[in-house]
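Note sheet for the following structure.
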Amino acid sequence: MLTEKQLDQFLDEFWEDSQSEQTEAEQETAEKNLEEYALPADGMIIRQMERKGRVSRRTWFALVLMLLIVPLLLYLSVRYFHGRKYLICSLIVIIAAMIPFFMMFEGRKPKAREIMVISVLAAIGVAGRAAFFMVPSFKPVAAIVILTGISFGGEAGFLVGCLIMMLSNMFMGQGPWTPWQMFAFGMIGFLAGILYQKGILKARKADLCIFGFLSVFLIYGGIMNPASALMAYGTITWQSLLAFYISGAPVDLVHALSTVIFLWFLSRPLLEKLERIKKKYGLIESQKEEII
């Protein structure tokens, strides 16, 4: 993991457009204003968002979009297309995930650096999944998605979750399960962003690990087990659903425990670096929007 000085030097060289216009004195002043994110006594990695307890209308719109349109699309893809149009469905899920994410830039002139950070996080998730391909269900994807949702919002968490599964399955194997995996990981990242913004989920290692375990076991398993029954038989019965839940419980347990391990080791260094990048380069700046 890069140190703060090495990270700043790399980003300054990569994003030299605005930084090159600053004088040396201005750069020194900016460096002094950067806050070092030390781990305080209460275990909090980063401070809670200023608008704690409030969620924007855009976020609620995104939640309705994800919970209504995407599951309906996935059901129709299995019921009428029998899983043969999974690539088209995956692309539609990606588009649905991009709409609320890019709504964050409404009224602004976003720079490529803002999109690039999200792309890098998705690439890290793809590389992490490929690196542990020899260990079934032991993957860092959920951890990356959760940390993205906390740092950049639920919309970004959903988009990164979708991108990781679609891109990584180009190596692992595409199939009718791909859109379901995209939706499952996307909802984990989206929920992490909402709970953090509401102040329910704290940026502590223990809190993140508990959320990671429950979200993978209940949300990912709760989506993929019925989806597996639907893809296998074309319909869902209580007997098939119970059988898939029982047979999938050990796999979900390993997946959930691996998420706890990755969150324990990655949460502090990754969140610190992301918050430092956001603060120094003004990424995902606050907008004037209606809050409810």
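The values are calculated or read from the model by the stated rules, or taken from the named source; none is laboratory data. In this text, all values refer to a predicted model and were calculated from it rather than measured experimentally. Glycine gets a Cβ as well: all are built from the backbone with ideal geometry, and neighbour counts include every protein chain shown.
Does Phe211 satisfy the condition of being aromatic (Phe, Trp, Tyr), modelled with pLDDT of 80 or more and touching a Leu at 6+ places or on another chain (Cβ under 6 Å)? Answer is yes for this residue.
Of all residues in the range 124-162, those satisfying the criterion of being part of a helix (DSSP H, G or I) and either polar (S, T, N, Q) or surrounded by fewer than 24 Cβ atoms within 10 Å (Cβ to Cβ) (or both) are Ile124, Val126, Ala127, Gly128, Arg129, Ala130, Ala131, Thr148, Ser151. Candidates Gly189, Gly221: the one that is surrounded by fewer than 24 Cβ atoms within 10 Å (Cβ to Cβ), of a type outside the set (Asp, Glu) and at pLDDT 90 or above is Gly221. Beta carbons closer than 7 Å, at least 6 apart along the sequence or on distinct chains, pair a first residue in the range 201-222 that is more than 18 Å from Leu266 (Cβ to Cβ) and without any contact (Cβ under 8 Å) to a residue 40 or more places away in the chain with a second that is part of a helix (DSSP H, G or I) and not aliphatic (A, V, I, L, M) for Phe217/Asp252; Gly221/Gly248; Gly221/Asp252.
In the range 240-266, of all residues being buried (at least 16 other Cβ atoms within 10 Å of the Cβ) and of a type in the set (Ser, Thr, Tyr), the one that is farthest from the chain's Cα centre (by Cα) corresponds to Ser240. Here is the figure for the range 194-239: residues that are closer than 30 Å to Leu76 by Cβ, assigned to a helix (DSSP H, G or I) and of a type outside the set (A, V, I, L, M, F, W, C) total 9. Scanning the range 168-181 for residues that are surrounded by fewer than 18 Cβ atoms within 10 Å (Cβ to Cβ) and either modelled with pLDDT of 85 or more or under 14 Å from the mean Cα position of the chain (by Cα) (or both) yields Met170, Phe171, Met172.
Does the range 240-283 hold any residues that are over 26 Å from Met224 (Cα atoms) and either free of Cβ contacts under 8 Å to residues at least 24 places away in the same chain or of a type outside the set (A, V, I, L, M, F, W, C) (or both), and which are they? Correct list: Phe265, Arg268, Pro269, Glu272, Lys273, Glu275, Arg276, Lys278, Lys279, Lys280, Tyr281, Gly282. Evaluating Phe185 against the criteria (1) in a helix (DSSP H, G or I); (2) more than 17 Å from the chain's Cα centre (by Cα) leaves one unmet condition, (2).
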